[in-house]
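The values are calculated or read from the model by the stated rules, or taken from the named source; none is laboratory data. Predicted model, so just to flag it, every value in this text is computed and none were measured. Don't worry about glycine lacking a Cβ; one is built from the backbone with ideal geometry, like all the others, and counts go over all protein chains shown.
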Ligand code: ADP
Ligand code: GLC
């Protein structure tokens with residue numbers, strides 16, 4: 001079968017710009033799709049698009065101006081914005097990354113802002129993808145859009161760029177990584193984004209009820225097909241409980257919506273080779289894990305005792321992640337048990353403050369690092385005994401898959417991708433990879449922590465549990481072919 005021409009666009013891409021799993025997914029999927037078939041990849045012509053944010057400009061030194069794609073003017077009704085493309089390569093890969101170089105929009109402190117032109121910043125990303133293809137005379141078979149930031153692309157393709165025969169066979173896939181962020185802006189922005197005459201093609205209920213429109217809903221309305229990042233989440237977002245107001249719209253496109261569980265790039269996330277950790281180990285020889293535990297506790301300046309389990313948390317601290325369940329669950333254990341808790345996270349201040357309070361109250365047991373730190377995330381995966389992820393909802397989740405590979409059985413709530421990737425440990429059969437609970441309550445979490453601790457004391461069973469998890473395979477080798485099949489299914493659609 002012929003190789004596909006694939007354009008992948010998103011607001012995040014590891015290692016350049018990352019706040020969460022979206023960045024890892026784009027890196028891993030992009031790398032796999034572009035790797036030659038003889039090396040076990042997909043062998044496709046894949047190109048990734050990312051804004052050249054200030055933080056990217058500071059860290060990437062070898063992105064060269066792409067010939068034929070400089071000084072491109074994009075006309076919006078009230079202003080014309082000029083950009084150029086810089087070309088880089090994904091690390092350990094030949095896959096091109098096209099950085100959209102437009103300082104007036106992207107040289108800001110963060111990836112995301114509350115600035116008045118936020119809608120323009122990401123509308124521009126969609127247009128820059130299409131403008132770059134035009135300059136290169138490169139006709140993608142599929143433009144793969146990810147989350148609300150690229151939600152306008154399918155509509156632009158059908159309107160502003162409909163005249164261009166280059167795109168006559170181009171189809172679009174809209175992947176929802178998180179329905180919690182829908183990209184809402186006032187109706188008046190349709191005019192500034194050059195879509196003023198497209199009111200009939202954005203969600204009419206939102207215009208009527210909120211005088212607003214959503215980038216994500218617009219993408220869902222106009223993309224050729226839709227996907228999300230686990231099978232369970234694909235079902236859940238069609239229900240009022242987890243659809244966040246998009247359930248009706250998604251039900252109408254139910255036939256076009258599929259769930260594909262995210263892959264893990266074990267090139268970056270494997271304790272046997274991970275360059276970010278000092279001690280390495282495998283399922284057959286886990287001795288390095290004990291050393292990682294000692295190193296982690298030393299890093300957090302906590303006393304080490306091999307018998308005391310270390311619980312790890314690495315997370316954005318938002319209501320999605322369910323940490324309010326900690327309030328009535330964790331203190332009891334910290335009071336009663338000889339255990340440690342190592343937390344890395346940043347986000348809502350109520351959660352940051354709560355973890356700080358835990359640290360102040362049990363300074364011998366709790367370590368907290370507030371902020372974003374890639375290598376500490378790897379250390380916590382490797383040095384902890386149990387990973388905590390009590391999410392309220394979770395489209396897929398990567399951290400639980402990382403923790404399985406790092407021999408750190410996860411405690412998760414049975415929702416979204418967590419339900420699809422963690423199976424309950426059963427000491428009778430010695431099967432299972434972690435600990436799950438259903439009800440979103442502190443009691444349910446506490447009961448599961450209690451059950452986990454009882455299993456922790458059964459050293460033989462625990463070793464088996466760890467091995468079961470380490471032997472799971474969520475690699476892109478397994479997951480990415482599902483995307484390829486989905487891309488191919490688009491080719492004969494209109
Ligand atoms: P989400 O995308 O909802 O944040 P995922 O589990 O899919 O959840 O992915 C989270 C990713 O972000 C993981 O790679 C995790 O290690 C990383 N991460 C989250 N918070 C931090 C942090 N404070 N420091 C470093 N890495 C973090
Ligand atoms: C989102 C979700 C997370 C998912 C990630 C990558 O941020 O919250 O569950 O793993 O995207 O798809």
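Worth a mention:
- Some residue of region 209-221 being buried (at least 20 other Cβ atoms within 10 Å of the Cβ), part of a loop (DSSP other than H, G, I, E, B) and within 16 Å of ligand 1 (Cβ to nearest atom): no
- Each residue in region 421-434 was checked for being in contact with a strand residue (DSSP E or B) (Cβ under 9 Å, 6 or more places away or on another chain) and either buried (at least 23 other Cβ atoms within 10 Å of the Cβ) or in a loop (DSSP other than H, G, I, E, B) (or both), and 7 of them qualify.
- Selection within region 359-377 - within 11 Å of ligand 1 (Cβ to nearest atom) and within 15 Å of residue 295 (Cα to Cα): 375, 376, 377
- Considering only residues in region 325-348 that are more than 14 Å from ligand 1 (Cβ to nearest atom), surrounded by fewer than 17 Cβ atoms within 10 Å (Cβ to Cβ) and under 18 Å from residue 391 (Cα atoms), the one that is nearest to the chain's Cα centre (by Cα) turns out to be 327.
- Considering 156, 181, the condition of being closer than 22 Å to residue 100 by Cβ, touching a residue at least 12 places away in the same chain (Cβ under 8 Å) and assigned to a loop (DSSP other than H, G, I, E, B) is satisfied by 181 alone.
- Being over 26 Å from residue 78 (Cβ atoms) and part of a strand (DSSP E or B) is a description that applies to residue 172.
- Scanning region 397-414 for residues that are within 24 Å of residue 239 (Cα to Cα), touching a helix residue (DSSP H, G or I) at 6+ places or on another chain (Cβ under 7 Å) and touching a residue at least 40 places away in the same chain (Cβ under 8 Å) yields a count of 2.
- Those residues of region 122-137 which are part of a helix (DSSP H, G or I) and surrounded by fewer than 22 Cβ atoms within 10 Å (Cβ to Cβ), in sequence order: 131, 134, 135, 136
- Residue count for region 67-110, restricted to those that are surrounded by fewer than 20 Cβ atoms within 10 Å (Cβ to Cβ) and outside any strand (DSSP E or B): 18
- Selection of first residues in region 12-40 that are more than 21 Å from residue 63 (Cβ to Cβ) and assigned to a loop (DSSP other than H, G, I, E, B) and of second residues that are within 11 Å of ligand 2 (Cβ to nearest atom) and modelled with pLDDT of 95 or more, restricted to Cβ pairs under 6 Å at least 6 apart or on distinct chains, gives the following pairs, ordered by first then second residue: 20/316.
- Qualifying residue in region 282-294 (condition: without any contact (Cβ under 8 Å) to a residue 24 or more places away in the chain and over 18 Å from residue 386 (Cα atoms)): yes
- Any hit, region 142-150, residues being at pLDDT 95 or above and more than 16 Å from ligand 2 (Cβ to nearest atom): yes
- Count of residues meeting criterion [under 24 Å from residue 447 (Cα atoms) and either in contact with a helix residue (DSSP H, G or I) (Cβ under 6 Å, 6 or more places away or on another chain) or surrounded by 21 or more Cβ atoms within 10 Å (Cβ to Cβ) (or both)] in region 291-324: 11
- Note on region 22-56: residues that are within 15 Å of ligand 2 (Cβ to nearest atom) and surrounded by fewer than 24 Cβ atoms within 10 Å (Cβ to Cβ) total 2.
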